[in-house]
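Notes to accompany the following structure.
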Amino acid sequence: MRTNITQKLRGIIATGAITLSSAFAVQAEPMHGIAMYGTPALPADFTALPHVNPDAPKGGRITFAEAGGFDSLHPYIRKGSTPWQLRFMLAESLMGRSYDEPFTLYGLLAESVETDDARTWVEFTLRENAQFSDGAPVTVEDVMWSYETLGTKGHPRYHGAWGKIASMEKTGPRSIKFTFNTEDRELALILGMRPILKKAQWEGKDFEASGVDVLPITSGPYVIGDFEPGRYLTLKRNPDYWGKDVPFMRGQANLDEIRFDYYGDGGVTFEAFKAGEANTHRETNEHKWATQFDFPSVQSGDVVMSDIPHQRPTGIKGYVMNTRRPVFEDIRVRDAMIHAFNYEFVNQTIHGGTKKRIQSFFHNSVLGMEPGTEASGKVRALLEQFAGDLPAGAIEGYAVPTSDGSERNRAGIRKAMGLMEEAGWTVQDGVMKNAAGEPFTFEVLLKTGADENRQEIDIFVAALSRLGISPTVTSVDSAQYKERTTAFDFDMAYYWRGLSLSPGNEQKLYWGAGSADTEGSRNWMGVTNPAIDGLIDAMLTAEDQDGFRAAVKALDRVLTASRLVIPLGYNDRSHIAHAKQLHFPARIPMYGDYLGFQPETWWWED
């Protein structure tokens, strides 16, 4: 649909997005893709994504050994246990995401996307030949039904965006327009990634019922083949797949069959791979990758060991300190804990020295701060706006302390002792106490069975004993761990928050002041800082890539310098062992081994 300027202005004035004069200056145009900031890297006439092999042969099978099982094949609702891969490998969306860019979408079911400068609305036009696996065309009615059904009856992950839609309207035989009721520049992209289901299939059926009796009819290149709940599942490549010549899909979906075999636990899956029952295996343990992949099929060359680098942020993984508790209110105390935690010794003892240490929340990416360096340019200008709320080191430069690797960590313990004294704690009769004679102590909360975490904490406890500190270590089952962390009922706990190259509104949930007192929020540390809130707003309202990156780097500096988490290690590459017949493109996407990589871009060739 091409609306005239009067129609456009009515919509713009109604939402209060921009002024009348600016509306005449810029008109929206249909585009082949959309980027969160700036323009898509690929031109309108691109023939394939840069990180695929457009000439990859079709055929072959990939077999995964998976822990657990399933009792449902309906991945779009909350109920049931569904193979997680189905959410990404069955239904298609209007736009497809390129994982070689931070956040860019290109046309998939839709041939074009259109939005205004303020992104108060978005309009998609479907491809004329888009169809479901049963040959039925994908229509605007299917799209509208999918968005409303998922937004009201589907998994809660779909509800948030639906609540921000003021109106949804059919604007042409193949066009649909969404107008938003809130300012959120990310919405135009989020709506491009919703799964599209076939409306007619669900008429007279309970969409919210889980199970294996109803197999979703979707438009993707794979359909569900043979399966037995709890034992195996196969996906078969549809030979009549409608989108094989769509530029976004060229070079993808090359394997004829994708099979998932289910086993009791992760240890058994490795043994299944060694026995040849699976032909690919991801290994997350660096030490195991270095020492246990010497079995016969590796030695003969039948199994290839591949390292897949990535440029994703590390996120923050470590031991979070709950600032709601008096024991960790003082940043000097939190700093002392970080100095006392001898990461280099922990890494050598548990991981054979194979892991690198997380240096900041967005480390290992273009969004991360430069540890130990002074802020400059746009980053500094943003930080100076919140000068009164910045922790020490945010502007001047902060780096996570490094020990000499020895068990005693004399320099780290000495620094920790000094910081505790500054905060009013001294060693009295061998015990760290305050002026009132009260001992300094806290509880570390762990999950039962988290053996690696327990080893790390045991080393930490031994180090703290040299400061006269004797924490309590409590291990609870998963249910209790969730209950206590949901209620923020802990002093220190193991914490992992993954981050992406396209951070958005979720940052408010992670460390915004508005979520600090909301039980169940992800702001476990309880941080409330106007600088953090202001920098998140600056990130969300940035109009170009430079402004966005500057805001995130400034945010990274404040979060890291606030000494909220004792950071652990990370891997800057994935490890995949696989049959020699399985191949992947030479160019690795920015996200590395992530969604859209294996099996989507892999192929079979003898």
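The values are calculated or read from the model by the stated rules, or taken from the named source; none is laboratory data. Since the model is a prediction, treat every value here as computed from it, not as a measurement. Virtual Cβ from ideal backbone geometry, glycine too; neighbours counted across all protein chains shown. Surface areas here come from the heavy atoms of the whole protein model, side chains and all, with no ligands, DNA or RNA. Shrake-Rupley method; radii C 1.70, N 1.55, O 1.52, S 1.80 Å.
In this rough spin-label picture, where each label sits 7 Å from Cα along the Cβ direction, the Glu483-Asp307 distance is 4.5 nm. Principal-axis analysis of the Cα atoms of the chain puts helix 5-15 at an angle of about 30° to the longest axis. Comparing region 307-383 with the 2.2 N^0.38 Å rule of thumb, its C-alpha radius of gyration ratio is 1.35 (two decimals).
In terms of its C-alpha gyration tensor, region 367-427 comes out oblate, because a/c is 1.5 or above while a/b does not outweigh b/c. Modelled spin labels at Trp84 and Gln292, positioned 7 Å past Cα toward Cβ, are 1.9 nm from each other.
Oblate is the label for the chain, because the ratio a/c of its alpha-carbon gyration tensor axes (a ≥ b ≥ c) is 1.5 or higher and a/b is not greater than b/c.
Dividing the Cα radius of gyration of region 435-488 by its Kirkwood radius returns 1.06 for Rg/Rh. Take the Cβ atoms of Glu452 and Met193, set R0 to 30 Å, and the FRET efficiency comes out at 0.30.
In the chain, taking the dipole from charged Cβ atoms about the Cα centre, the farthest positive-side position among Trp202, Ser502, Phe132 is held by Ser502. Have a look at the DSSP beta bridges in the chain and tell me what percent are antiparallel, nearest 5. Once the DSSP bridges in the chain are tallied, antiparallel ones form about 80 percent. With contacts taken as Cα pairs under 8 Å and at least 6 residues apart, region 549-606 reaches a relative contact order of 35 percent. Calculate, for Ala166 and Asp213, the FRET efficiency according to 1/(1 + (r/R0)^6) with r their C-beta to C-beta distance and R0 41 Å; round to the nearest 0.05. Computed FRET efficiency for Ala166 and Asp213: 0.65.
Checking every one of the trypsin sites (Lys or Arg not before Pro) in region 520-594 against DSSP loop status and a limit of 14 other Cβ atoms within 10 Å picks out Lys580, Arg587. Think of it as helices only: each DSSP H run of n ≥ 4 in the chain is worth -39500 (n - 2.57), and spread over all residues that comes to -7500 deg cm²/dmol at 222 nm. Averaged over residues, the count of other Cβ atoms within 10 Å places the peptides 284-296, 446-458 in the sequence 446-458, 284-296, highest first. With 19 Å as the limit on Cα-Cα distance, the pairs of Lys317/Lys355; Lys58/Lys198; Lys153/Lys205; Lys58/Lys580; Lys177/Lys508; Lys288/Lys580 that go past it are Lys58/Lys198; Lys177/Lys508; Lys288/Lys580.
For the chain, the longest principal axis of the C-alpha atoms and the axis of helix 410-422 are separated by about 80°. Rolling a 1.4 angstrom probe over the protein heavy atoms with all chains in place gives region 469-570 an accessible area of 36 Å² per residue.
Extension gain for the segment Thr472 to Asp537, taken as residue separation times 0.36 nm less the Cα-Cα distance, is 19.5 nm to one decimal. Taking all Cα pairs closer than 8 Å and separated by 6 or more residues, the relative contact order of the chain comes to 19 percent. Sort region 90-184 into rounded, prolate or oblate with this rule: let a ≥ b ≥ c be the square roots of the eigenvalues of the Cα gyration tensor; rounded if a/c is under 1.5, and if a/c is not under 1.5, prolate when a/b is larger than b/c, oblate otherwise. Rounded is the answer for region 90-184, as its axis ratio a/c remains below 1.5. Annotation note: trypsin sites (Lys or Arg not before Pro) in region 403-434 located in DSSP loop regions with a Cβ neighbour count of at most 14 within 10 Å are Arg408.
Per-residue extension of 0.36 nm, minus the Cα-Cα distance of Gln299 and Ala399, leaves a gain of 31.8 nm for this segment. Report the paramagnetic label zone for His155: residues of region 56-100 whose backbone N is under 11 Å from a point 7 Å from Cα along the Cα-to-Cβ axis. Under cut-off, by backbone N: 74-89. For region 131-264, the Stokes-Einstein estimate of translational diffusion at 25 °C and a viscosity of 0.890 mPa s comes to 145 µm²/s, using the Kirkwood hydrodynamic radius over alpha-carbon pairs.
Checking every one of the GluC sites (Glu not before Pro) in region 152-235 against DSSP loop status and a limit of 10 other Cβ atoms within 10 Å picks out Glu203. Taking a sphere under 12 Å around the Cβ of Arg78 and counting the other residues whose Cβ falls inside, with K and R at +1 and D and E at -1, yields a net charge of +2. Placing +1 on the Cβ of every Lys and Arg and -1 on the Cβ of every Asp and Glu, with no other charges, gives the chain a dipole of roughly 380 debye about its Cα centre.
Compared with the alpha-carbon gap, the fully stretched path from Met144 to Leu595 is longer by 159.8 nm at 0.36 nm per residue.
The simple spin-label model puts a point 7 Å past each Cα toward its Cβ; for Gln545 and Arg414 those points are separated by 4.7 nm. Dipole magnitude for region 124-182: computed about the Cα centre from +1 point charges on Lys and Arg Cβ and -1 point charges on Asp and Glu Cβ, it is near 240 debye.
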